[in-house]
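Each value in this text was obtained by applying a stated rule to the coordinates, not by laboratory testing. Since the model is a prediction, treat every value here as computed from it, not as a measurement. Positions of Cβ are generated from backbone atoms using ideal geometry, with glycine treated the same way; all protein chains shown enter the neighbour counts.
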Amino acid sequence: MDFTVAFVLTYLLVALAIANRGWTGLAPRGARAAPVIADNSHVTPPPPRPAPAHPPARADAWRVPNSPQARTRDRYVAARFPGIARRAADLAKLERVIPAARLFFEEGQGDRAIELLDLATEEYPDSDALRLAQLEIAFLLRDAALFCDRAREFRQVLPQSPEWSEIARLGRHIAPGEPLFGHGIQSPERSECWPATPNWIQMSWDLAAEVLAAEFHRESRRGASHCAEGSLDMTEMEVVS
Amino acid sequence: MSTAALSQLASLNEERLSFEGRIQAMEAVVAGSNPKACAGDFIDLLPHIGPFITALKRPILMSQLPWTAEDSVATRWIYDVCHRLAVVGRETGAAIALSDPSGRMLAAHTLFYMGEALKCEIAIGVQKPHDYAGLHAIMKWAISHRCECARIALALDGAVAACTIEGLYFRALLLADFAGGNLSCQQIEILDAWIVMWMPMIRSARICPPGAPRRADLDSEAGLRRGPRTDGGPSLYLPQPPIEKAYRAIVQALHEGQVLPEKGLASEFPVEEHVAVLEVIREALARSRGDYAPRHDRRPASVIVEAHVGIEEIANSALSTPDRRQFGARRPTDIIFEHKRRLLHLVDVSELGLGFEEAETPRGEITLGDIIAVRLGPASPVVALGKVVRRIPVTEQGGFSLGVRILSKAPQRVVVAPGTATKNAAAPVLIYVPGEDDSGRHDGFLVSERDFAQAGPISVCVGASIVTLRFNRVRDRGRGWILAGFEILDARAAGSRSAEADPGLTACAARH
């Protein structure tokens, strides 16, 4: 009888341990594999988050790993940008962050796109890809004040960047009187039409994705014979017995 | 219950009775011949009853468990006390001389209690009619004495807050506006804490600023409206820029890892609740920036419909063809497993939403953020899929009024090819939610949070094709579900060479 009880208890303990740690016993059950990420080797990975040399000022307290401020910031990032980042450090994944910002912009959530790139830039201030994407979105939003502000920051942080001439070209269009961008060569498009943008937001060059999406939509709707869409007509409603 | 808990309960009851006694005494004085005699007692009460109310609220709001009967009683008590105090304050204010130095404090305290009572309506239901005329009367009195912007220190939530009569007036109006069921009890406390923080910035304008700002019509019996007033009556408008500035300051603080306010009840709630309130404010600001667009017409209805809640239930019941044949009748499996249907009373309909009333159901409550689907009749092909965006009690017995924002009127269950699923043993349940645009750019998939987090590329069968896609963003989300945007990685005919190599895909296409 004692042996049976001991056996049952041991069995339960082992089962509990497996349930908590998974079959391999190597990783806790909650640990998840990183999401599949497309290869995007042309993007320069940003340098790691700079560690503060001195005790951080109140506004920089989040830079201290595992501080309450860092944890709050992580939770904010996860709640505000679900599916894009689970913590602030995930904002290093440029191949995910920049297209996500572009999609926000395309869906009319320009402020969210800017905020995502702001957060990522705060984490990785030396990343030129993040700053350039933000400049392009500010340009596409026709927000001259934001563009000038971010361009000034860019110049300050990355003064040797070869992209500056391109930024200045856009700047002369969006803020013609701004001395930061100089006078430059007046391009013929200056007064005629909106200039070409440099695609720092990694937009697809071809229309394959758009065509596939439209075909998918059409096929799905065609195949759904039992799910005809309609207006909410009160005459269709019947009382359930 | 332990001895300590019992003694704590007894102490709470004693304090409640003590406060009730003081309020009854004030009510008696107000009903008598000299109402202004209780002005001093009224003003002195807040530093005592304020912390007591916070102490009552804290365990209720911090608990993750469903509310108990004691919680409901406590909330009802808070409402009753605040409402009675607001009435006492108003009647005392009406009786005292206009030049009385206690007039400002009396007005400020009255407005504060009005706001407190309005917050409780999320838990106890809307207590109509609201005394908007009383609110406007206090503001008109303050304007006539040019004291609406004078700073008044009030002890709120353990700290002294710099308030103004104008700020407290708009606080009460905004809380009434947001207490319609689209914020939870925790979230309305966060919003209130922010309004108190912003109070020095809340300054109204007499002339309508650009856009569709909120306005208070001083000569009306209504709450906040939107857009410019057309009949020329006296109105106060809430300009957007100071509110936007305050909103940005809160966002910036969260970027720095700080929750605002740093102290008080609201600071103890999870960051996720703060983010949800920010989202509501962001939407409200966006509406105020744009041109005024009146709400879609609501048409009254009175039918009972069966509702399905949650992705699994929607996919297996609302969107499955056999279920449609059985609609309105109990299925044999229902009897075997004692499956009880969730019937809702549909009370109004618009192009964008549905309004329901729900009696307490045996299948658990429908809560804010749930995904819900209803078929609009046995013969109807239309399944309305929506998100619960408003929920408020309507009866003391536990009935609720629900507001559902329609996400789609043509959702479809999608066949997922075997072997392409997530790390879970079972294939994910996917519901295709087509957007309005024929380009497909607004389409999405309804998927559980777990499947969204674990999903890699997924192959689905569409007509004679097999399409491989990947989720790439969250369009909307609620309790346990995500409406995911996606990108298509590959599309091929079911009979193609690559598809034939995978028998699962071919079988899936054949089933479709």
- Item | Under-5 Å amide H pairs with B:Phe486, H placed in peptide plane, nonlocal only | B:Asn472
- Cα gyration tensor shape for the range B:23-177, rounded if a/c is under 1.5, else prolate or oblate: prolate
- Item | Estimated [θ] at 222 nm from DSSP helical runs (n ≥ 4, -39500 (n - 2.57)) normalised by residues in chain B, nearest 500 | -13500 deg cm²/dmol
- May I ask you to list the lysines whose Cα is less than 25 Å away from that of B:Lys140, ignoring any residue fewer than eight positions away on the same chain? B:Lys36, B:Lys119, B:Lys128
- Message: On a full-extension model of 0.36 nm per residue, what is the gain between A:Ser161 and A:Arg222, subtracting their alpha-carbon distance, rounded to one decimal in nm?
- Response: 16.9 nm
- Item | Residue-averaged beta-carbon neighbours from other chains (10 angstrom radius) around B:6-17 | 0
- Note on the structure: Applying the span-like rule to chain B (DSSP H, Cα extent along axis at least 24 Å, Kyte-Doolittle mean at least -0.5) gives B:3-31, B:39-62, B:69-95, B:103-124, B:271-289
- Query: For B:Thr164, what is the net charge nearby, where nearby means another residue's Cβ is under 11 Å from its Cβ and Lys, Arg count +1, Asp, Glu -1?
  - Reply: +2
- Item | Number of partner chain Cβ atoms within 10 Å, mean per residue of A:70-77 | 6
- Task: If a/c stays under 1.5 just call it rounded; otherwise compare a/b with b/c (prolate if a/b is bigger, oblate if not). Do that for chain B, with a ≥ b ≥ c from the square roots of the Cα gyration tensor eigenvalues.
- Result: prolate
- Query: To the nearest whole number, what is the average tally of beta carbon atoms from other chains within 10 Å of the beta carbons of peptide B:405-412?
  - Reply: 3
- Assuming R0 = 25 Å, what is the FRET efficiency of B:His442 and B:Asp490, from their Cβ-Cβ distance, to the nearest 0.05? 0.70
- For the range B:14-288: rounded, prolate or oblate by the Cα gyration tensor [a/c cutoff 1.5]: oblate
- Item | Peptide ranges B:80-88, B:238-246 listed from the most packed, as the mean C-beta count within 10 angstrom indicates | B:80-88, B:238-246
- Distance between modelled label sites at B:Glu27 and B:Thr230, nm, 7 Å Cα→Cβ extension: 4.4 nm
- Task: With a point put 7 Å past each Cα toward its Cβ, work out how far A:Val64 is from A:Arg152 in nm, to one decimal.
- Result: 3.1 nm
- Inter-label distance for B:Lys140 and B:Asp348, nm, one decimal - labels placed 7 Å from Cα along Cα-to-Cβ: 2.8 nm
